[in-house]
Amino acid sequence: MSLLEVKDLTVTHRGKPIVDGVDFELNRGESLALAGESGCGKTTTALALMKMLPEGLKQKGGIVLRPPGVEDPINVHRRTETGMQVVRWRHISLVFQGAMNALDPVQHIDDQIGEVIRLHERKVTGKQVKARIDDLLVTVGLTAKLGKRYPHQLSGGQRQRVMIALALACRPSLVIADEPTTALDVVMQAQVLQLLESLREELDLSLILISHDLGVLAETCDRIAVMYAGRIVEIGSVETVFSNPQHPYTKRLLDSLPVIGGRRGLAPPIPGGPPDPGDPPGGCAFHPRCPYSTDRCLEDPPPVEVGPDHLAACHFSPWSSWPEVEPQKVRVDA
Ligand code: SF4
């Protein structure tokens, strides 16, 4: 049985969907990538899983969590705010985007981690909390003495590691990491990714990794869900989706990745920009930018199975080959 089951998750703003009917499952120990351009609904999906949406956004749809050792499944969607306070950080936690902004600038690191532990485990002693904090800092590759510093006294990579330590503080079974490497240089990026990967194995964690960087996701995840205009347009194993993409948007994203040793020159861009999340074009939301669109694309394409555990929402999937297209062909009339 899966650790997390998300069914028909929809988030609306003033009645308009910005996440629209998202379905996926995540097994214990598995890592799922959420990919797509900015504004496609990745972070909103993550916040909805935690029931932490900003004011003005409403969510509906099923979110069921089955943490190991917990007898009854946790129906996140039915929990009140008070009910969610015992779920967040204890069973499901989030590594926020932008470590500098997410940490409290006027609290020592060990006070911030300790607060999370004490809030969720009332019977824990001060000595135990201190030992846990030291352990956590060492687990994420820092030294215990860094706990006595303020966030501004740490480097970007160290702050990101502290964010991961915070997310692990109550030993959750699911961690969501939202763009955990975006603000880091490539060396630090590699170290943070390696850390997430090794922690996943060591602690038997499940991981949802959000990024617009497909290279980062390919290295770290088992499965990938590609989002566009609030929907999952393709989902499957990383190996399958990268070697045999079945949605034109995924194909274009992959084509825009640089190839080491490949032909020099700019990678082909995806023309146009993502649609307004609350007001996507009718039919297939990708049709104004899709080089293969036809009149049929003015109807909504349902997700279809294009292989084992591989779904794509395109009228013409499965694609046996990709026709050549003029680089800048884009419909702007719809
Ligand atoms: Fe492109 Fe049409 Fe497929 Fe949408 S349904 S991705 S517009 S070919």
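The values are calculated or read from the model by the stated rules, or taken from the named source; none is laboratory data. Here the structure is a predicted model, which is why all the values come from computation and not from measurement. When we count neighbours, we look across all protein chains shown, and the Cβ atoms used for this are built from the backbone with ideal geometry, even at glycine.
When PRO180 is tested against (1) outside any helix (DSSP H, G or I); (2) farther than 27 Å from THR240 by Cα, exactly one condition is not met: (2). Of all residues in the range 281-317, those being buried (at least 22 other Cβ atoms within 10 Å of the Cβ) and more than 7 Å from the ligand (Cβ to nearest atom) number 4.
When ARG252, ARG264 are checked against the criterion of being at pLDDT below 95 and not in a loop (DSSP other than H, G, I, E, B), a single residue qualifies: ARG252. Residues in the range 47-86 that are free of Cβ contacts under 8 Å to residues at least 12 places away in the same chain and at positive phi: GLY69 only. Looking across the range 294-307, just one residue is assigned to a loop (DSSP other than H, G, I, E, B) and in contact (Cβ under 8 Å) with a residue 40 or more places away in the chain, and that is PRO303.
Filter the range 66-79 down to the residues that are closer than 28 Å to ARG14 by Cα and out of contact with any Lys or Arg (no Cβ under 9 Å at 6 or more places or on another chain), then identify the one that is surrounded by the fewest Cβ atoms within 10 Å (Cβ to Cβ). Top of the filtered list is ARG78.
Among the residues in the range 121-133, are any among the acidic types (Asp, Glu) and within 27 Å of the chain's Cα centre (by Cα)? Scanning the range 121-133, I find no residue that is among the acidic types (Asp, Glu) and within 27 Å of the chain's Cα centre (by Cα), so the answer is no.
The condition (being in a helix (DSSP H, G or I) and under 21 Å from HIS108 (Cα atoms)) is satisfied by just one residue among ALA190, ALA165: ALA165.
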